[in-house]
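So the structure is just underneath, and the comments pick up after that.
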Amino acid sequence: MTTAVINKITDFVDFFTRMTKRNKNCKEDIILPVKKIDRCLTPEEALRDSRLTVVGNITLATNLPTGTGSTERVILITLEEPMSHVEVINRVSDLGYKPASLLALLECNKKNPTFSDKKPHFVVTADDKGRIIYAAFYKSPEHGPSVQVYSDKDDWPAGYSVACRKN
């Protein structure tokens with residue numbers, strides 16, 4: 001074999017190894033085409049309009065992605081083991097995705113109020129100061145369908161899904 005062929009084989013093996021590591025511990029399992037997203041609302045207005053119980057610091061929502069256009073394709077990737085915020089952010093980036101927009105997730109949960117009961121999900125990002133900001137959609141035993149907006153949290157548990165979109 002020539003050196004060029006050996007280098008191509010080595011490059012392929014390296015690529016395959018990276019892809020296997022990328023997809024370990026999470027799986028892309030739901031793609032949601034979200035339509036009629038009202039991007040005129042601020043994140044705070046959209047949260048108040050969502051009919052979800054908002055827990056945490058609603059003003060932090062201004063640091064979450066809001067997106068553009070009236071449609072967005074949201075991809076939910078389910079965590080198969082606990083992961084830290086930084087691990088989740090890096091995994092989303094490694095897979096070639098960006099965090100989904102808060103407004104798309106609010107619209108999705110507004111149209112299907114029980115979705116977060118069955119599929120708890122979240123969007124997480126770092127703001128320009130490096131703070132971790134997230135919004136988690138889930139069913140609270142005390143409040144029913146809820147969205148939690150905070151800066152910082154412990155690791156994400158297995159079973160939660162991170163919401164992303166293509167770059």
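Just so you know, all these numbers are worked out from the coordinates, no wet-lab data involved. All of these numbers come straight from a predicted model, not from anything done at the bench. With ideal geometry, Cβ positions are generated from the backbone for all residues, glycine too; neighbour counts draw on all protein chains shown.
How many residues, within region 28-49, are over 18 Å from the mean Cα position of the chain (by Cα) and closer than 14 Å to Pro145 by Cα?
The total comes to 2.
Could you tell me which residue of region 76-117 is surrounded by the fewest Cβ atoms within 10 Å (Cβ to Cβ), considering only residues that are β-branched (Val, Ile, Thr) and touching a Phe, Trp or Tyr at 6+ places or on another chain (Cβ under 9 Å)?
Ranking the candidates gives Thr78 first.
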